[in-house]
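What follows is a short report on a single structure.
Each value in this text was obtained by applying a stated rule to the coordinates, not by laboratory testing. All values derive from a computational prediction rather than experimental measurement. Cβ placement follows ideal geometry from the backbone for every residue including glycine, while neighbour counts extend to all protein chains displayed.
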Amino acid sequence: MTDRTGDVPLELVKIKVGNEQGKELEVVSLEEYLTNLQEYISYPTKFNPESQSLLTEKDTHVLVSAQACFLPIPSQGKCSFNPVLFNYQSEPGNPAVLAILISTEGSSAIVIDNEQDVAEWGQNIYFNNNGQKACLTGERLRDYKENLATDLATRQGISLEAARDQVGIAQDVNMVMIVQVPLKHKEIEYSVVACSFSVGGTAYLDSKRTRATDWCDMEDAVIGHGEDEGEHTELGGYKLERDDRYPIRITVQFYKATSNGIIDDKGLENISQCIEMAYTSADYIGSLVVGILEKGDLGMGNARPTQPAPSSQAVVSPPKNFLKVVNPFAPHQKPKTGE
């Protein structure tokens, strides 16, 4: 295992906010978000005033990795899911990580204490819909575009064909980013090195459907959110203080829709392009595990900006619907029509 990662300048990370307070979305930098976190939560009065800065002088870069996640979505259907995050050093009353769920619909902060919203593999991460928690949803790209066109045709009294030509799709609708900000905490003694990991949704494929359909129907999934399910716990009233021994980590997840789990060469090529694009803006690319450096020059004895401080621990398939592969850390651009 090499754990390939990239060091992306912090200033390039832009996120959408406003969803947590029911406002129109706007784009801010991750630096601004972490500096003034109390302004980007639903319940500012619950923000612990003893919290310390979540940024340090070392935070010139963030540690980025990328992965593809598959959602079991049939034609004309949706699925609900939650990313799941687990941290070995977190426990009730002693959180080690602040997580931020970022999608095209906004950003949602949550403290990982392995007690709230417990899932089989860790803690469910919910979208913050004006103070209420909601699961994420996935829909096939072609269905999403067709539904938009149908609604547009009805509202404007135009033909469906004309409406299809006017539909514009943002190029990040299939992408979710999970930001992990290390927090100071009382360390728990384990016989293994403490770490954290994130995985995709908790939905599962139907094995009977898999056997019945033997071609690849994978395409991009459009990520949204579902119904409100109660108050979003956000920061839990915890005092937050940054652990500067470790870097801020971002996991970029590209979601794909499939009804059977079958992938062909074209699908694999698209996944590879998505993952590689996530590293385009990185100043350094390599492995912090085995010390390999693919991109960037370091002088003798110098470390990557995100280096942690030393620690004691044959069937013709249907047409594919893929978004244009874009750099997630490039400046935000307005969606183009007809894409």
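For this structure, a couple of remarks:
- Between A303 and L152, the distance separating the two model label sites (each 7 Å from Cα on the Cα→Cβ line) works out to 5.1 nm.
- The stretch between T35 and E231 holds 68.1 nm of extra length on full extension. This uses 0.36 nm per residue minus the Cα-Cα distance.
- Listed residue pairs exceeding 23 Å between alpha carbons, taken from K78/K145; K46/K184; K16/K184; K133/K184: K16/K184; K133/K184
- Under 17 Å from a label point set 7 Å out along the Cα-to-Cβ vector of K266, the amide N atoms of the range 215-230 belong to 215-221.
- Calculated FRET efficiency for the pair T280/N130, C-beta based, R₀ 41 Å, to 0.05: 0.75
- Under the Debye formula (equal points on every Cα, no solvent term), log10 I(q)/I(0) of the range 4-295 at q = 0.09, 0.11, 0.13 Å⁻¹: -0.47, -0.70, -0.97
- Highest to lowest packing among 278-289, 95-106, scored as the average C-beta count within 10 Å: 95-106, 278-289
- Three-way shape call for the range 218-307 based on the alpha-carbon gyration tensor, with the a/c threshold at 1.5: oblate
- Cα extents for the range 1-160 along the principal axes, largest to smallest and rounded to whole angstrom: 57, 36, 31.
- Computed label-point distance, nm, for sites Q76 and K186 using a 7 Å Cα→Cβ extension: 5.7
- Within the same chain, aspartates and glutamates fewer than 8 places from K23 are excluded, and of the rest, those with a Cα less than 19 Å from its Cα are E32, E39, E105, E227, D228, E231, E234.
- Modelled label positions at E24 and Q52, each set 7 Å beyond Cα in the direction of Cβ, lie 4.0 nm from each other.
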